[in-house]
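Notes follow once the structure below has been shown.
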């Protein structure tokens, strides 16, 4: 029997620069390692002075992630925007992908973040669209 899946959308305030490639690479590398081990998939976006992340997996895997985040000095003020059961993964190809936020996407993300709890699904959709656009740029 398959393990029930959940989707977590959260934001946190970055303690370091979100424009630093070194900071982002460190977070992504560690996230990819930990998430692959825990069966989690998702995307991370650095936006302004915060991180916005969508993560999918089992309830236990997401609980473990939240405990790691609470101890991670690179994040503070973690706010869970949404956590819900899902039927299937939307980010199954990525243990943790970096969603590049273009200026156009930044405007849309700012609008969604104005009422983030109501717009968590839109935030997840925006990150997925950013990843799809990035893949098309590479191809």
Chain lengthening between residue 114 and residue 85 when straightened (0.36 nm per residue, less Cα-Cα)
8.1 nm
Each label point is 7 Å from the Cα along the Cα-to-Cβ direction; what then is the distance between the points at residue 71 and residue 28, in nm?
2.5
At q = 0.09, 0.10, 0.21 1/Å the base-10 log of I(q)/I(0) from the Debye formula over the alpha-carbon atoms of the chain is -0.23, -0.29, -1.45
Take every Cα pair under 8 Å in the chain that's 6+ residues apart, average their separations, divide by the length, and report that relative contact order as a whole percent.
33
Taking the number of other C-beta atoms within 10 Å as the exposure measure, put 47, 75, 33 in order starting with the fewest.
33, 47, 75
At a 10 Å Cβ-Cβ cut-off, how would you order 56, 107, 30, 6, fewest neighbours first?
107, 30, 6, 56
Could you put 113, 67 in order, starting from the residue whose Cβ has the fewest other Cβ atoms within 10 Å?
67, 113
Just from its helices, what would the mean residue ellipticity at 222 nm be for the chain, if runs of 4 or more DSSP H residues each count -39500 (n - 2.57) and the sum is divided by every residue, rounded to the nearest 500 deg cm²/dmol?
-14500 deg cm²/dmol
Hey, any idea what the orientation-averaged projected area of the convex hull of segment 58-139's Cα atoms comes to, in nm²?
6.5
By how many nm would the segment from residue 136 to residue 49 lengthen if fully extended, with 0.36 nm per residue of separation less the alpha-carbon distance?
28.6 nm
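Bear in mind these aren't lab numbers, they're just calculated from the coordinates by the rules spelled out. Computed from a prediction, not measured in an experiment: that's the story for all the values here. Neighbour counts run over all protein chains shown; Cβ positions are idealised from the backbone, glycine included.
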